[in-house]
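S.K.: Could you have a look at this structure, given as structure tokens, before my questions?
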């Protein structure tokens, strides 16, 4: 399990760092504050893995969802965080000892995981605000996540009531698995998988 305890939740969340990064690049962050404990737990409880597989969190930010994944039973050595912002990657390494952190680009996820020598991927948890990306970038990052986890697809947290992704255009299936009002803003968890061909 993680070295992060209940008492140091504030050091993991690091709202000051989160807000600083939001000011620098709102499209990269999606929200002005980290996800609530309820929201984080809601997505963490739906992450799947088996055997030596790892759960990959893409866009780990300050580690609030990472901590929830650990609390939900993902062993620290089976959690791999991919964070593009070097300052946040360093924060994650300090705040979550035992968890592997890779500073890399989610658009190149399969290559990033290969270069990191990552084990097979069980599930991908995506905290990047995909709804705010242009269509071409949506297609690229969805393709990267599907390539990394072709069987399970990926989990995505979103503040949209309807699907944040155009499922038909992207060739994926998706359903909202949970919703909470106990977050600012309220949000839900979506599961996306490759569309089944008839």
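S.K.: Could you grab me the full set of residues in region 166-190 that are buried (at least 20 other Cβ atoms within 10 Å of the Cβ) and assigned to a loop (DSSP other than H, G, I, E, B)?
M.R.: Answer for region 166-190, where residues must be buried (at least 20 other Cβ atoms within 10 Å of the Cβ) and assigned to a loop (DSSP other than H, G, I, E, B): just 183.
S.K.: On to the next question. Do we have residue 113 as under 25 Å from residue 136 (Cα atoms), buried (at least 23 other Cβ atoms within 10 Å of the Cβ), modelled with pLDDT of 95 or more and touching a strand residue (DSSP E or B) at 6+ places or on another chain (Cβ under 8 Å) here?
M.R.: Working: under 25 Å from residue 136 (Cα atoms): yes; buried (at least 23 other Cβ atoms within 10 Å of the Cβ): yes; modelled with pLDDT of 95 or more: yes; touching a strand residue (DSSP E or B) at 6+ places or on another chain (Cβ under 8 Å): yes.
So residue 113 fits the description; yes.
S.K.: Being part of a strand (DSSP E or B) and buried (at least 23 other Cβ atoms within 10 Å of the Cβ) is the filter here; which residues of region 116-128 pass it? Lay out the reasoning, then the answer.
M.R.: From region 116-128, those part of a strand (DSSP E or B) are 121-126; that's our starting set.
Result: 121, 123, 124, 125, 126.
The values are calculated or read from the model by the stated rules, or taken from the named source; none is laboratory data. None of the values given here were measured: they were computed from a predicted structure. Note that each Cβ is placed from the backbone with ideal geometry, even for glycine, and that neighbours are counted across all protein chains shown.
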